[in-house]
1. Please tell me if residue C:151 is modelled with pLDDT under 90 and assigned to a loop (DSSP other than H, G, I, E, B).
2. Residues that are over 22 Å from the mean Cα position of the chain (by Cα) and either within 14 Å of chain A (Cβ to nearest Cβ) or within 16 Å of ligand 1 (Cβ to nearest atom) (or both): find the helices (runs of 4 or more DSSP H) completely inside region B:183-275 holding 1 or more of those.
3. Is one or more of the residues making up region C:70-85 in a loop (DSSP other than H, G, I, E, B), surrounded by fewer than 24 Cβ atoms within 10 Å (Cβ to Cβ), without any contact (Cβ under 8 Å) to a residue 40 or more places away in the chain and away from ligand 1 (no atom under 16 Å from the Cβ)?
4. Could you tell me which numbered condition residue C:126 fails, if it satisfies all but one of (1) more than 23 Å from residue C:33 (Cα to Cα); (2) in contact (Cβ under 8 Å) with a residue 12 or more places away in the chain?
5. Could you list all residues from region C:49-64 that are more than 8 Å from residue C:12 (Cβ to Cβ), within 16 Å of ligand 2 (Cβ to nearest atom) and in contact (Cβ under 8 Å) with a residue 24 or more places away in the chain?
6. Considering only region C:41-64, state which residues are closer than 17 Å to residue C:8 by Cβ, more than 12 Å from every other protein chain (Cβ to nearest Cβ) and within 12 Å of ligand 1 (Cβ to nearest atom).
7. Among the helices (runs of 4 or more DSSP H) contained in region A:155-265, which hold 2 or more residues that are at pLDDT below 90 and within 14 Å of another protein chain (Cβ to nearest Cβ)?
8. Check whether at least one residue in region C:90-97 is in a loop (DSSP other than H, G, I, E, B), more than 16 Å from ligand 1 (Cβ to nearest atom), crowded, with 20+ Cβ neighbours inside 10 Å and without any contact (Cβ under 8 Å) to a residue 40 or more places away in the chain, and report yes or no.
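The values are calculated or read from the model by the stated rules, or taken from the named source; none is laboratory data. In this text the structure is predicted, and so the values were computed from the model without any measurement. For neighbour counting, all protein chains shown are included, and Cβ atoms are generated from backbone atoms with ideal geometry for every residue, glycine included.
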Ligand SMILES: Nc1ncnc2c1ncn2[C@@H]1O[C@H](COP(=O)(O)OP(=O)(O)O)[C@@H](O)[C@H]1O
Ligand SMILES: [Mg+2]
């Protein structure tokens, strides 16, 4: 037997190939790509324009941008997850993954590839939103490495939300249902946080929710990384939440994925 | 005729004679097609979520997050917010209409209907009717939850009756425009993108969620004049105790008439396009 | 005899493409006409014009006695159409779909329900009647599609590639359904890419290419023009193909195909002649290396095309080819 000719799975190479495919598919639909990348920008501009004065009558517009920017960065990343999840569900439905499984390709490459592509897109979103935010009054005052942390932390969280999206996709299968289920969840997460108004301005019953809500945890950590103050604890909490999402949803999503691509009959 | 035709002996019905002409009957066609859409919507989780869950989620979230800061600015937020989420719901209804219209164009349903004795405008009107029914359901849910959160019609029953009328008029105009959009674009992702590009600026750069006075001064004229703000003004005039009615209703009415015309012209053009 | 469908010099252009280029055809009442042509020949466009969906640039057509341009409403009232791609609501059940069509055809509520039940019975759909249409197999959906287009018995029925993409069994079932419709007196115009299908169903066949009629007659007459059968010699090597083709020219018009050469055959004797000819060529010193297979088969549309026009029907990847192409890499890995 000629052993050399047998192709073998290569997890990293295969995942990158899948990531390339996912990115190419994203680019095929440039309008949607641009819109989803700039969606948080739209939110940032429009929400701050309408709520700055209401939330903080004493301060200026730039002050509100300074405190609310982390939320819009997170929303930009978070609301990409339903899109990714829908694409993953469509692949499953169309038998793409089952086909990959019949090939000498690392069986998790399609999932990994999606997340890699997604993270790349998220990185672009973060850079764009922060750049515009700086123009509108957002400031980094805690040094270079803290600023780097500010940019990287939401990407980790985004990875966790990506797995969450995949988990839902593995359960619901139908692309529309996936989006329709994730959107309300992400909306609740981003609104019931300390991102738009200070915690003390939320109703009493919401405050404990906002305290533990991962969006708030991330927002507080990002604020600390941008503006200084006690950083260690909020950053550790944010890392913990991201790890919980990545590991928890990751394990469940992979399990659902494996059973979903198992050949029938 | 060549002699080879083997079927010469088979007696078919004389063409045309066997046909009792089923005359296009607009009302029946619209009712039947509206029923079709409602049935399909009721089986589609995404439709139910966007008609019932999403409006509620937005109403509850805006109310929860901004009530305190609004009260500081002297605004009772549930009274202010309800017209906003009603308008938002009408936008969701429009998005649904655009997608369903595009789907019918893509799937060949429209073509098939056009080769049948079905009135030409019935597919669009059937969808419109179904979407208006849907928006009434959404309105019911929103009013019930709004009432629980403290929303009241302060202007008495007659003005309260005007509220759904204005909402339906807005719905008719916006849904018609969205049907035109869906029929014109006919690519599902592009339709979603286009509807979002309409929704976000019109909704967020309006006085729906926050008063125009909260916006930076250079934006204020735009925010005050645009149709969504004008419709919000009309709806609020109908819920307030003693606001002037005629002016906001007239301005909103003029906008809606214009939008409706735009939608009718657009849809008429788009529906005739061969697929 | 009266014509149920009569088209005269129809022209329809899309930009530079002449989808219909002076197309004329005629379907006698109570018969089936097979409109045969490769992908892009203009079959769907012809159906669109005849069913009032498209206005021809020039030319005339009458369907069930009515002009398609001047009396579209009357035409629509007399016809049923099943498009190339099924257009039924996946979210409704077959029964609901049929009731919907009945209502749109102005049957009363009860009458529409009764008719739906009758059609479900007639098209062997009772078992699937109350499942979501989207979950049904392609063949079942096609039958339902057919049932939907005769909710109100039409005088003329148009079927656009009714069996493309179906498995052999579903295809047989659909053929049977079409035959029954004809027996009930409905005039049928069906398009197809398969000579075999036209042969099975159609009383007469019109072959079109690039919007023009290339041949017209019964399937038997058309097949005779290629000699009833085709002898195909499979040869892997392209240079060998040319050598073999040259060696066989004395037996008839030899054509090169993607995997060998073919020529019209009159019967088994053609096989003998081919073998003998090849043997002689070899002895004569021709270096013919490898013939993989020799066989007789029934002529396809492509063979008729070759015989009639001298060029092969422009091959475009159909849905079936696509599936095959996609399936291949996985199969290679498995083997
Ligand atoms: N709406 C259209 N716009 C542009 N070109 C078209 C359109 N419809 C058909 N065509 C072109 O007309 C030709 C005939 O198409 P069609 O009637 O669909 O062929 P068939 O059904 O035989 O495969 C093709 O070249 C096709 O590309
Ligand atoms: Mg066709």
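1. no
2. Qualifying helices (runs of 4 or more DSSP H): B:220-225.
3. yes
4. For residue C:126, the failing item is (2).
5. Once the filter is applied, which keeps residues that are more than 8 Å from residue C:12 (Cβ to Cβ), within 16 Å of ligand 2 (Cβ to nearest atom) and in contact (Cβ under 8 Å) with a residue 24 or more places away in the chain, region C:49-64 yields C:50, C:51.
6. Answer for region C:41-64, where residues must be closer than 17 Å to residue C:8 by Cβ, more than 12 Å from every other protein chain (Cβ to nearest Cβ) and within 12 Å of ligand 1 (Cβ to nearest atom): C:42, C:46.
7. Qualifying helices (runs of 4 or more DSSP H): A:175-191.
8. So far as region C:90-97 goes, no, none of its residues is in a loop (DSSP other than H, G, I, E, B), more than 16 Å from ligand 1 (Cβ to nearest atom), crowded, with 20+ Cβ neighbours inside 10 Å and without any contact (Cβ under 8 Å) to a residue 40 or more places away in the chain.
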